Amino acid sequence: MQVSAPKSVAAYRLKNLSSLGRSEMVIFYSSIASLLGSPGQTVYSAANQVLDAYASWMQNCGELSVSVQWGAWASAGMATKDKSTANRLQRMGIGSLRINEVLRDFEAVLCLQKPLI
């Protein structure tokens, strides 16, 4: 619960703020672990699935929302600190994201004009 609470509580609060008309778009910062899982980090994967589910629910309610499932970053994050994780991702054919790629992709998310389904 200690791992999942910050994400699920924050998602719930953002959802409530959005329903009050205080935001134009809600962007959840999720992880690819939500999609692929992560050995030894079941709760972390589930916490990110909560973010994805909130974004989907908000979209179904007509709100502009998206959950971005980021992969491993080349210069920061858990994958760079844990060599076994970085090696596992590399064996799976998943590279690390460079900061310029992250910024470009995040800018594309900010430019969305309609909900993703």
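The values are calculated or read from the model by the stated rules, or taken from the named source; none is laboratory data. Quick caveat: nothing in here was measured; it's all calculated off a predicted structure. Note that we place each Cβ from the backbone using ideal geometry, even for glycine, and neighbour counts take in every protein chain shown. Accessible surface areas use protein heavy atoms only, side chains included; no ligands, DNA or RNA. Shrake-Rupley method; radii C 1.70, N 1.55, O 1.52, S 1.80 Å.
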Task: Qualifying residue in the range 50-61 (condition: open to solvent by less than 40 Å² (accessible area, probe 1.4 Å), modelled with pLDDT of 80 or more and over 13 Å from the mean Cα position of the chain (by Cα)) - done: yes
Just checking, does the range 75-82 include any residue being part of a helix (DSSP H, G or I), touching a helix residue (DSSP H, G or I) at 6+ places or on another chain (Cβ under 9 Å) and free of Cβ contacts under 8 Å to residues at least 12 places away in the same chain? yes
Conditions (1) assigned to a helix (DSSP H, G or I); (2) closer than 20 Å to E24 by Cβ; (3) without any contact (Cβ under 8 Å) to a residue 60 or more places away in the chain -> V109 fails only (3)
Among residues of the range 27-49 being open to solvent by less than 10 Å² (accessible area, probe 1.4 Å) and not in a helix (DSSP H, G or I), the residue nearest to E107 (Cα to Cα) is F28
Residue hits (the range 66-95; open to solvent by 50 Å² or more (accessible area, probe 1.4 Å) and in contact with a Leu (Cβ under 7 Å, 6 or more places away or on another chain)) are Q69, W73, A74
Across (1) over 15 Å from the mean Cα position of the chain (by Cα); (2) under 22 Å from R13 (Cα atoms), Q90 clears everything bar (2)
